[in-house]
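This report concerns only the one structure given below.
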Amino acid sequence: MKLTKDMSFADLLSQHPEAAEVLFEYGLHCIGCQLSPMETIEQGAKAHGLSDSDINKMIEKMNKKIKR
């Protein structure tokens with residue numbers, strides 16, 4: 001299954017904890033955040049000021065990291 005920006009942080013990190021490294025690179029320290037079960041990757045990234053382009057690059061990088 002390929003990662004998408006519509007996944008929640010909680011789902012992402014429970015299925016692919018190795019993706020946390022990429023999130024950290026983009027300033028997203030979502031582990032332990034109270035919103036992570038409900039917030040999508042896109043929502044959280046935009047709340048932290050990431051552009052659509054940055055979000056797409058981050059998703060691509062995470063998919064490469066987990067080899068999807």
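The values are calculated or read from the model by the stated rules, or taken from the named source; none is laboratory data. Just so you know, these numbers come straight off a predicted model, no measurement behind them. Here the Cβ is made from the backbone with ideal geometry for all residues, glycine too, and neighbour counts use every protein chain on show.
Take the residues of the stretch 49-68 that are closer than 18 Å to LEU13 by Cα and part of a loop (DSSP other than H, G, I, E, B): which is modelled with the lowest pLDDT?
My answer is ARG68.
Return the total of residues in the stretch 1-48 being β-branched (Val, Ile, Thr) and assigned to a loop (DSSP other than H, G, I, E, B). I'd like the intermediate steps shown before the answer.
Within the stretch 1-48, the first condition is being β-branched (Val, Ile, Thr), and the residues that meet it are 4, 22, 31, 40-41.
Narrowing further to those that are assigned to a loop (DSSP other than H, G, I, E, B): 4, 31.
The number of residues fulfilling the criteria is 2.
Of the residues ASP52, ASP6, which is loosely packed, with under 12 Cβ neighbours inside 10 Å and under 10 Å from the mean Cα position of the chain (by Cα)? Show your work before the answer.
Numbers: ASP52 fails: under 10 Å from the mean Cα position of the chain (by Cα).
Checking each option against the conditions leaves just ASP6.
Which of the residues spanning the stretch 12-33 are surrounded by fewer than 16 Cβ atoms within 10 Å (Cβ to Cβ), over 15 Å from LYS65 (Cα atoms) and either under 10 Å from the mean Cα position of the chain (by Cα) or touching a residue at least 60 places away in the same chain (Cβ under 8 Å) (or both)?
Hit for the stretch 12-33 is HIS29, nothing else.
When only residues in the stretch 36-49 that are aliphatic (A, V, I, L, M) and touching a residue at least 12 places away in the same chain (Cβ under 8 Å) count, which is surrounded by the most Cβ atoms within 10 Å (Cβ to Cβ)? Break it down into steps so the answer makes sense when it comes.
Initial filter on the stretch 36-49 (aliphatic (A, V, I, L, M)): 38, 41, 45, 47.
From the residues that got through so far, the ones that are touching a residue at least 12 places away in the same chain (Cβ under 8 Å) too are 38, 41, 45.
Values: MET38: 11, ILE41: 26, ALA45: 24.
Checked the stretch 36-49; the qualifying residue surrounded by the most Cβ atoms within 10 Å (Cβ to Cβ) is ILE41.
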